[in-house]
1. In this structure, does ALA105 turn out to be aliphatic (A, V, I, L, M), part of a helix (DSSP H, G or I) and in contact with a strand residue (DSSP E or B) (Cβ under 6 Å, 6 or more places away or on another chain)?
2. If LEU49 satisfies all but one of (1) closer than 20 Å to VAL114 by Cα; (2) without any contact (Cβ under 8 Å) to a residue 40 or more places away in the chain; (3) more than 19 Å from the chain's Cα centre (by Cα), what's the number of the condition it fails?
3. Is it fair to say VAL119 is in a loop (DSSP other than H, G, I, E, B), of a type in the set (Val, Ile, Thr), under 11 Å from THR9 (Cβ atoms) and open to solvent by 30 Å² or more (accessible area, probe 1.4 Å)?
4. Do the conditions hold for THR80, that is, is it among the polar types (S, T, N, Q), open to solvent by less than 50 Å² (accessible area, probe 1.4 Å), over 17 Å from the mean Cα position of the chain (by Cα) and under 15 Å from ILE21 (Cα atoms)?
5. Confirm whether GLU108 is charged (D, E, K, R), over 20 Å from LEU20 (Cβ atoms) and open to solvent by less than 50 Å² (accessible area, probe 1.4 Å).
6. Being in a helix (DSSP H, G or I) and over 27 Å from ARG100 (Cα atoms) is the filter here; which residues of the range 135-172 pass it?
7. Those residues that are out of contact with any Leu (no Cβ under 7 Å at 6 or more places or on another chain), more than 17 Å from LEU87 (Cα to Cα) and either assigned to a helix (DSSP H, G or I) or of a type outside the set (S, T, N, Q) (or both), I need them from the range 25-50; list them, please.
8. Just checking, does the range 123-131 include any residue being of a type in the set (D, E, K, R), farther than 29 Å from ARG5 by Cβ and outside any helix (DSSP H, G or I)?
Amino acid sequence: MKPIRIAVTPGEPAGIGPDLIIALAQEQWDAQLVVFCDGDMLKARAQLLGLPLQLQPYDAGNNAIQPAGTLYLQQIDTATAVIPGELNSDNGHYVVETLRQACQANMEEGFDAVVTGPVNKSIINKAGVSFSGHTEYFAHQSNTMDVVMLLSTDGLNVALATTHIPLEYVSKAITKDRLN
């Protein structure tokens, strides 16, 4: 039986995303977690955090769920060394590449979901990439014209009427038809 397969991206490599993925890996999950990132960066961060982490190469034909302390890895190299807490626009293209590959795998290889870490849009833009947010990026990659951003937690689901647009355009973007 094929398990639920989730693509995970860390977001900004100098930010909290890699730390969250390492913490996630410490627990046993009833799903196969495949992280799309630089394995050396993730192992170095795990060492800084003093947490164990084993990375196994991702194989689409492997349906085994990883044990606690282990993640499957789709290797994507950072452009330059990562120093936690120090943003570097040289890795802006890397961040977008992790999203691109996870999105593509989700559409082509039978992933059930993509979970993304936080990104720094200004660093991505500084790298020369036009990027306004995950929602718009995934919509573009999947040729989806109309998307909804949903925030969900126990007892509360909120669907936003707009995505990442300048505040001055919000009142024009919210229409009766759009809300129906």
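1. Judged against the criteria, ALA105 is a match.
2. If we test LEU49 against (1) closer than 20 Å to VAL114 by Cα; (2) without any contact (Cβ under 8 Å) to a residue 40 or more places away in the chain; (3) more than 19 Å from the chain's Cα centre (by Cα), just (1) comes out false.
3. In short, yes.
4. In short, no.
5. The answer is no for GLU108.
6. LEU167, GLU168, TYR169, VAL170, SER171, LYS172
7. Within the range 25-50, GLU27, TRP29, ASP30, ALA31, VAL34, PHE36, ASP40, GLN47, LEU48, LEU49, GLY50 meet the criteria.
8. no
The values are calculated or read from the model by the stated rules, or taken from the named source; none is laboratory data. Source: prediction; values computed, not measured. Note that each Cβ is placed from the backbone with ideal geometry, even for glycine, and that neighbours are counted across all protein chains shown. Each accessible area value is taken on the protein alone, full model and side chains, heavy atoms only, with ligands, DNA and RNA left out. Shrake-Rupley method; radii C 1.70, N 1.55, O 1.52, S 1.80 Å.
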